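Structure record follows, encoded as structure tokens.
The values are calculated or read from the model by the stated rules, or taken from the named source; none is laboratory data. Remember, it's a predicted structure, so these values are computed and weren't measured experimentally. So basically every Cβ, Gly included, is an ideal-geometry build from the backbone, and we count neighbours across all protein chains shown. Ligands, DNA and RNA are stripped out before the accessible areas are found, and what is left, the full protein with its side chains, is counted by its heavy atoms. Shrake-Rupley method; radii C 1.70, N 1.55, O 1.52, S 1.80 Å.
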Amino acid sequence: MSSSQEILVFTTLADRDLAEEYIAEMLQLGIIVSGTIFPEVALLYQWEGKLTIDSENKILLKAKADKYLAIEEYIMKKHPYLAPEIIKLDVSFGSDKFKAFIKDKIAKGG
């Protein structure tokens, strides 16, 4: 089974302005097609035996699969956390019409 040509990459940032800055820079670098910010989502996890709830901005990046290493490098270099969340999903960008739209955007450089 071959891997997908398209990917979604999730990461998180506490700072909304920084999230917008990162997405804008990655767009200018041509390593993502688009970025979505889900503002102030709740993150629940166990820390030292206690339930912890934090607020963060979940970031969804759409990209071509061959750009993943550049995206990961960008996040690792710029992110304020030592070990930021980076989740990569192989996907298909769905309908033929949406795929054509994305292909055209990439061909025109945005």
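For this structure, a couple of remarks:
- Segment 70-84: number of residues that are open to solvent by 60 Å² or more (accessible area, probe 1.4 Å) and part of a loop (DSSP other than H, G, I, E, B): 4
- Sole exception among (1) under 19 Å from Ala24 (Cα atoms); (2) among the aromatic types (Phe, Trp, Tyr); (3) modelled with pLDDT under 95 for Tyr74, by number: (3)
- Within segment 16-45, residues that are in contact (Cβ under 8 Å) with a residue 12 or more places away in the chain reach partners that are assigned to a loop (DSSP other than H, G, I, E, B) with beta carbons closer than 7 Å, at six or more positions or on different chains, in the pairs Met26/Ile32; Leu27/Gly110; Gly30/Gly109.
- Residues in segment 16-63 that are closer than 17 Å to Met76 by Cβ and not in a strand (DSSP E or B): Leu18, Ala19, Glu21, Tyr22, Ile23, Glu25, Met26, Leu29, Ile31, Ile32.
- Of the residues Ile87, Ile59, the single one that is of a type in the set (A, V, I, L, M, F, W, C), in contact with a Phe, Trp or Tyr (Cβ under 6 Å, 6 or more places away or on another chain) and either modelled with pLDDT of 95 or more or open to solvent by less than 40 Å² (accessible area, probe 1.4 Å) (or both) is Ile87.
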